[in-house]
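Only one structure is covered here, and it is reproduced in the block below.
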Amino acid sequence: MTSSPQPPAPGDELSLLKAEFEAGSDVWRSALGGAVCVADPEAARAVMGNRHGVVAETSDFYHHRHGVFGPRSAQLTIGRAARSLVQRHLLDHRADLPRLVAERLAPRSEWPDAGNLLVLRHLRDVLLHPDAPPGLHRTVEAIVARAVLAGARQRHPAPSRLLFRRRALHALHTEIRARQRAARPLDHPAGPRDLVDVVVGGGGPAADPRELVEVYLSFLFATAGSIGFALGWSVLLLGTHPDRAAADPGRTVREALRLWPVAWLFARTPSRAQELGGTPVTPRDRLMVCSYLVHRHPGYWERPDEFVPERWAEGAPDGAYLPFGLGAHTCAGATVTVRLLEDLVGLLTRDWRVSVTPDGGGPQVGPALAPPRFTATLSRPDGCPERR
Ligand code: HEM
């Protein structure tokens, strides 16, 4: 670590934490709201794996404005059912991907929005089955446009955001109440039709519909948001390192998730007074595990800031890689997400030549770490026949 950190850009939490980390400590009390930031892989594993009950058991996914959706058994049921639903859909619709890429991304596309909208299109029926009310389909698309796309929130003034939020929550609430009344069980012979069925069936008849709306929104952000951003990072690296990234889509996806973990900061609360990586913490503290810094820790990674997909030839280095979290709350959608990303990156490298023109800005830092804006140009490599 160097002793001369770059000054953080105003308002950029990522630059602030990176500068603090480079100033010398890997578990420290940050200027960012006084939270204790964890960048040491060993301490990060202890917190995320909740070894010896060091933190109050929780995950960001089921956190919402009113508390935490629970009980844990319902969380697990919903997670498993969502994974199966997405998995089945991806298998059934894998053959649609080449056409989708050609239609949505060629010859030119504006990122990262193009990635989010492609994923939304591909998973549309999983988010909301085709026979759901048309108005609700429009609401889900509007939520993506106004709240999921990078920088979308800032495009609308606060009163308009508030009004939209109220209307969107009301529309989802109405649908969820209707499905609770219809009482279609999760083990219905035809399975859940979409993620609304998953949250309603998994939540059980007594679940608070307002909480189910929040869980549904977590799925919307995880799919159209996180997968879309992760695709964006892979495409950006593919365009800037064409030969190395094209060699192996699986390694490119893993390396993109290492350098630019979309889920870059996890919030936890200590369960008791204790020391974490030499820093005393109490239950009044807020912990922030920073996967972005863990993934670039110089004690664990060679050439940590460089794109080196070949490093994955040997498998994951032990214990300093957590793009999907760790322990009991590890992402339920991790394997399906990686499979879809590998399919898409594989297609792009097999059927297309990808070049990118960054617009000069930096990563878009929010609750998710989104790529900078860039334009991708897709052309067919010489001699490659048109595949539809
Ligand atoms: C690039 C895409 C994704 C990323 C980066 C991601 C990341 C994560 C992370 C880091 C966690 C752990 C949060 C914590 O411990 O505080 C998590 C949890 C979760 N994710 Fe994902 N996720 C992605 C996509 C998905 C998808 C597609 C699904 C749906 C099938 C999904 C479902 C879940 C669920 C249900 C949990 C909660 C697990 C539990 O607490 O039992 N995720 N995700």
Quick check on this structure: which one of LEU378, LEU369 is within 16 Å of the ligand (Cβ to nearest atom) and at pLDDT 95 or above?
LEU369
So which residues in segment 29-83 are over 21 Å from GLY299 (Cα atoms), within 20 Å of the chain's Cα centre (by Cα) and not hydrophobic (A, V, I, L, M, F, W, C), if there are any at all?
THR58, SER59, ASP60, TYR62, HIS63, HIS64, ARG65, GLN75, GLY79, ARG80, ARG83
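For (1) out of contact with any Lys or Arg (no Cβ under 7 Å at 6 or more places or on another chain); (2) small (Gly, Ala, Ser); (3) surrounded by 16 or more Cβ atoms within 10 Å (Cβ to Cβ), each residue gets a yes or a no:
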site: PHE324; (1), (2), (3): yes, no, yes
site: GLY346; (1), (2), (3): yes, yes, yes
site: THR349; (1), (2), (3): yes, no, yes
site: GLY361; (1), (2), (3): no, yes, no
site: SER379; (1), (2), (3): no, yes, no
Six or more apart or on different chains, Cβ atoms under 9 Å: show the pairs whose first residue is in segment 183-196 and touching a residue at least 60 places away in the same chain (Cβ under 8 Å) and whose second is among the acidic types (Asp, Glu).
LEU186/ASP197; GLY191/ASP197; ARG193/ASP125; ARG193/ASP131; ASP194/ASP125; VAL196/GLU175
Looking at (1) open to solvent by less than 20 Å² (accessible area, probe 1.4 Å); (2) in contact with a Pro (Cβ under 9 Å, 6 or more places away or on another chain); (3) within 16 Å of the ligand (Cβ to nearest atom), find the lone condition where LEU186 falls short.
(1)
Give all pairs with beta carbons closer than 6 Å in which a residue from segment 61-83 that is over 14 Å from LEU212 (Cα atoms) and touching a residue at least 12 places away in the same chain (Cβ under 8 Å) meets a residue that is assigned to a helix (DSSP H, G or I) and more than 8 Å from the ligand (Cβ to nearest atom); count only pairs at least 6 apart in sequence or on separate chains.
ALA81/VAL198; ALA81/GLY202
The residue that is farthest from the chain's Cα centre (by Cα), considering only those in segment 84-100 that are of a type in the set (A, V, I, L, M) and either within 15 Å of the ligand (Cβ to nearest atom) or crowded, with 20+ Cβ neighbours inside 10 Å (or both), is LEU91
Identity of the residue in segment 275-329, touching a strand residue (DSSP E or B) at 6+ places or on another chain (Cβ under 6 Å), more than 16 Å from the ligand (Cβ to nearest atom) and not β-branched (Val, Ile, Thr), that ends up modelled with the lowest pLDDT:
GLY277
Looking at LEU341, is it open to solvent by less than 20 Å² (accessible area, probe 1.4 Å), within 16 Å of the ligand (Cβ to nearest atom), over 27 Å from ALA95 (Cα atoms) and touching a residue at least 60 places away in the same chain (Cβ under 8 Å)?
no
From (1) farther than 26 Å from THR77 by Cα; (2) touching a residue at least 24 places away in the same chain (Cβ under 8 Å); (3) touching a Leu at 6+ places or on another chain (Cβ under 9 Å), pick out the condition that doesn't hold for GLU141.
(2)
May I ask you to list the residues in segment 34-71 that are near the ligand (Cβ under 8 Å from one of its atoms) and in a helix (DSSP H, G or I)?
MET48, ASP60, PHE61, TYR62
If a residue has to be over 26 Å from VAL199 (Cα atoms) and either aromatic (Phe, Trp, Tyr) or surrounded by fewer than 19 Cβ atoms within 10 Å (Cβ to Cβ) (or both) to count, how many in segment 36-49 make the cut?
1
Kindly indicate whether any position in segment 256-264 is in a helix (DSSP H, G or I), under 17 Å from HIS295 (Cβ atoms) and more than 15 Å from the ligand (Cβ to nearest atom).
no
If THR335 passes every condition in (1) touching a residue at least 40 places away in the same chain (Cβ under 8 Å); (2) more than 10 Å from the ligand (Cβ to nearest atom); (3) surrounded by fewer than 17 Cβ atoms within 10 Å (Cβ to Cβ) but one, which one does it miss?
(2)
Exactly one condition in (1) outside any helix (DSSP H, G or I); (2) more than 10 Å from the ligand (Cβ to nearest atom); (3) modelled with pLDDT under 95 is false for LEU16; which is it?
(1)
Consider ARG179 against the criteria (1) part of a helix (DSSP H, G or I); (2) open to solvent by 30 Å² or more (accessible area, probe 1.4 Å): it satisfies all of them except one. Which criterion is unmet?
(2)
So which of ALA230, ALA247 ends up being out of contact with any strand residue (DSSP E or B) (no Cβ under 7 Å at 6 or more places or on another chain), hydrophobic (A, V, I, L, M, F, W, C) and crowded, with 24+ Cβ neighbours inside 10 Å?
ALA230
Can you confirm whether GLY79 is near the ligand (Cβ under 10 Å from one of its atoms) and either within 12 Å of PRO192 (Cβ to Cβ) or not charged (D, E, K, R) (or both)?
yes
Look through segment 111-133, keep the residues that are out of contact with any helix residue (DSSP H, G or I) (no Cβ under 6 Å at 6 or more places or on another chain) and part of a loop (DSSP other than H, G, I, E, B), and return whichever of them is surrounded by the most Cβ atoms within 10 Å (Cβ to Cβ).
ALA132
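The values are calculated or read from the model by the stated rules, or taken from the named source; none is laboratory data. All values reported here derive from a predicted model rather than from experimental measurement. Heads up, the Cβs are rebuilt from the backbone with ideal geometry, glycines too, and the neighbour counts pull from every protein chain shown. Keep in mind that these areas ignore ligands, DNA and RNA; they rest on the heavy atoms of the full protein, side chains included. Shrake-Rupley method; radii C 1.70, N 1.55, O 1.52, S 1.80 Å.
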